[in-house]
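Throughout, read-outs are computed from the coordinates displayed, never taken from laboratory work. What you are looking at is a predicted structure, and each value in this text was computed from that prediction instead of being measured. Neighbour counts run over all protein chains shown; Cβ positions are idealised from the backbone, glycine included.
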Amino acid sequence: MINALSELTGKQAYKYRAFELMITLDLEVYKAVRRIIVPADIEFTRLHKVLQSVFSWQNYHLYDFTISDDNNGVMVSRLVPLEEDLKYDENATLMKERTLSEFLPEYKHMIYTYDMGDNWEHEIQLVRVMEEHDKESPYLLEASGQTPPEDVGGVGGFVSFREIMLNPNHPEYGQMKEWAKYWTVELSDWKSRSRVIKV
């Protein structure tokens, strides 16, 4: 519809400031990487949903965003989603209505941690700022590396799980395959394909 409107009027439907981000989840045996474009004014609550989508998480667990000073590594802010999270960290702030542009491009990277038990730390790096982006976003530019299933036990648990899934003769293979359901060792073509991220 946006393209049709542009063709009809001969003008761009809209232009807005956007960020290209590289998100890396280090899984020890390889890295799962997603490169995305998001509006600069995206709220952290929505960015969380975007990251859940591109990393195939199920939104079962707690999460936060931490922003650190690029020069000295000192934490600038920790953003949490719930009021009750503030009880455990007096320095944290609620992410409600906070936007990415409050921190980027002043700071170039942050950490998105999902599931405080398994502790999945996604490093978010600012690749570039696009002052007049004219396409729909959030948008997945590229994806590489399969992501773990929920509740696999963190990086160590994932490494062990993956070894079992790579060996159909392993005594625990059948049990793990049943537990993991539709999970596959390799990232499927459709998950790595460029697309608008619907959240």
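When the residues of the stretch 90-144 are narrowed to those that are touching a helix residue (DSSP H, G or I) at 6+ places or on another chain (Cβ under 8 Å) and among the small types (G, A, S), which ends up surrounded by the most Cβ atoms within 10 Å (Cβ to Cβ)? That would be A143.
Filtered by the rule that a residue be touching a residue at least 60 places away in the same chain (Cβ under 8 Å), within 15 Å of I124 (Cα to Cα) and assigned to a loop (DSSP other than H, G, I, E, B), the stretch 53-85 gives a lone residue, F55.
Count of the stretch 90-148 residues, restricted to those that are in contact (Cβ under 8 Å) with a residue 24 or more places away in the chain, in a loop (DSSP other than H, G, I, E, B) and not basic (K, R), is 20.
Residues satisfying the criterion are absent from the stretch 168-177 (criterion: in contact (Cβ under 8 Å) with a residue 40 or more places away in the chain and either in a loop (DSSP other than H, G, I, E, B) or over 18 Å from S53 (Cα atoms) (or both)). Restricting to the stretch 178-199, and then to whatever is assigned to a loop (DSSP other than H, G, I, E, B) and of a type in the set (F, W, Y), can you tell me which residue is farthest from M116 (Cα to Cα)? It comes out as Y182.
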